[in-house]
Every structure is written in C-alpha cells, then in structure tokens.
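A.B. asks: Quick one: this structure, given as structure tokens, is what I'll be asking you about.
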Amino acid sequence: MNLRRWMALYREIERDFSFSREREVQARDMLSAILGDDFLKLGDIGNLIGSDVYVVGASPNLEREVEVITESYPIISADEASVYLYEIGLTPTIVLTDLDGDVEKLAEIPAVFGIHAHGDNIHRLHLASRFIRRFGTTQIDPIWNVYNFGGFTDGDRCVFLSYYYGARIHMVGFDFDNPREKLGKDMSIKRKKLKWARRLINELQAEGASIIWESLK
C-alpha cells in the first residue's frame, strides 16, 4: 500500500478515535531521538523476510493454532504473541511492539524489534533503549529513522510489514471478534481497533496481498 493511500486511511482512524496529530508527531520525534543512528536500515529488515512468513497475533486461539508453525519460514509476531512463542521454543525473527506489554520478557527474545510510536505511548518510549537490534515505526509521515509501513495494531502492522517486502503471509493467532482479555484494558476499544485491523488487512488483500488464513483452517 502506498503512503498516500495509507495516510488517507489513517485520517479516518484519527477521526474515529479522536487521536491528536500533535501527540503523534511528538511521539515519532521522541522515538527518532532515542534511536539516533542505531537502527536497522530498510535493506537489513528485508534480508530477514523471506518469500513466505508466519505472521502471528495474540488471539485466544493462538495456543491451539501454534501447531501449524514450523521452522520453514521467518516469524513476524505481535508483542504478546512473541513472549508466548519464545516460551514454547519458537523464536520470532521480528517482533512489532508499541511497548504496552511485558518489556522485561520481550527484551529476553533474540529478535529484531520494530518499536512503534504513537500518541498514547509517549511515556513508555524510553523503553526502546532496552532493545539492541531495532527500528522505529510511526502511523504518520515517516522520517529518516522512523518508518511507516502502514498498519494500526501490532498484529496488522506485522501484515503490512510483510506485504511491504512482498512476502506470502501465513496468518496464525488472529480473531477479530474475540480479543484476548487484558487487565486494565478497555475491551470495547480493543474490539473497535480489531474492526479496523480486519478492514486494513482486507484492503491489502484487495490490493493483491497473498494471505493464507491458517487461523481459519
């Protein structure tokens, strides 16, 4: 998806959630300052992504669906799913996180981390310094060391990243109707975000993304 199309979609998201563009800019620029010159370049990220990838979300079905994952393809996983995968012996290649999970456990995973900056996680962005191999992402205009591949939630950002590099995507652990309960989280907002995630992934499929829904088999 080209940046122009993504930005049009994100303006809809901003209106729907009443997000502040000013805070998005503040978050992006703060992450940029934290990363400095210490980040993976686009080519380095691409070298980690093969022709096929597993994209793993953290739905309640993950524990059952994880059986489909072999060591054949790289794994690109969302924040919470990554911790579970590592605990059962599957090491993600790339983890995408907005730092709202267990950062201590995430930091134990020998993966590359895509750290996402948005208006609601400014107070946690300093935790990006915990990760050695890393790159930054934003939902607004990218800058020299903070990319925008598209995507809104951790899970669908994994899909957008994979699509950006032309991979065929094997989806595991996605359920847009039944999110995993999380202490302290407003589940009505989570469900609303998942509706957007579904729409965004459908947009990619309409563009021609090759997506295999292992979750639905």
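The values are calculated or read from the model by the stated rules, or taken from the named source; none is laboratory data. Keep in mind the model is a prediction, meaning the values are calculated, not measured. Glycine gets a Cβ as well: all are built from the backbone with ideal geometry, and neighbour counts include every protein chain shown.
A.B. asks: Which numbered condition in (1) surrounded by 18 or more Cβ atoms within 10 Å (Cβ to Cβ); (2) closer than 21 Å to Y147 by Cα is the only one that A58 fails?
C.D. replies: Every listed condition holds for A58 apart from (2).
A.B. asks: Provide a single number: the residues in segment 136-152 that are surrounded by 21 or more Cβ atoms within 10 Å (Cβ to Cβ) and in contact with a helix residue (DSSP H, G or I) (Cβ under 6 Å, 6 or more places away or on another chain).
C.D. replies: 9
A.B. asks: Determine whether F135 is free of Cβ contacts under 8 Å to residues at least 24 places away in the same chain and closer than 23 Å to L85 by Cα. Give the steps one after another, and end with the answer.
C.D. replies: On the way: free of Cβ contacts under 8 Å to residues at least 24 places away in the same chain: no; closer than 23 Å to L85 by Cα: yes.
It is false that F135 is free of Cβ contacts under 8 Å to residues at least 24 places away in the same chain and closer than 23 Å to L85 by Cα.
A.B. asks: Would you mind stating whether I69 is closer than 19 Å to I201 by Cα, in contact with a strand residue (DSSP E or B) (Cβ under 8 Å, 6 or more places away or on another chain) and surrounded by fewer than 21 Cβ atoms within 10 Å (Cβ to Cβ)?
C.D. replies: Values: closer than 19 Å to I201 by Cα: no; in contact with a strand residue (DSSP E or B) (Cβ under 8 Å, 6 or more places away or on another chain): yes; surrounded by fewer than 21 Cβ atoms within 10 Å (Cβ to Cβ): yes.
Here the answer is no, as I69 does not meet what is asked.
A.B. asks: Continuing with this model, one more query. Looking at segment 156-187, which of its residues are out of contact with any helix residue (DSSP H, G or I) (no Cβ under 6 Å at 6 or more places or on another chain) and at pLDDT 95 or above?
C.D. replies: Residues satisfying the conditions are R157, C158, F160, L161, S162, Y164, G166, A167, R168.
A.B. asks: Let me ask something else. Would you mind stating whether I75 is touching a helix residue (DSSP H, G or I) at 6+ places or on another chain (Cβ under 7 Å), without any contact (Cβ under 8 Å) to a residue 60 or more places away in the chain and over 18 Å from K190 (Cβ atoms)?
C.D. replies: For I75, the condition - touching a helix residue (DSSP H, G or I) at 6+ places or on another chain (Cβ under 7 Å), without any contact (Cβ under 8 Å) to a residue 60 or more places away in the chain and over 18 Å from K190 (Cβ atoms) - is met.
A.B. asks: Here is a further query. List the helices (runs of 4 or more DSSP H) that sit entirely inside segment 61-154 and contain at least 3 residues that are modelled with pLDDT under 95 and farther than 23 Å from L35 by Cα.
C.D. replies: Per the criteria, 62-65.
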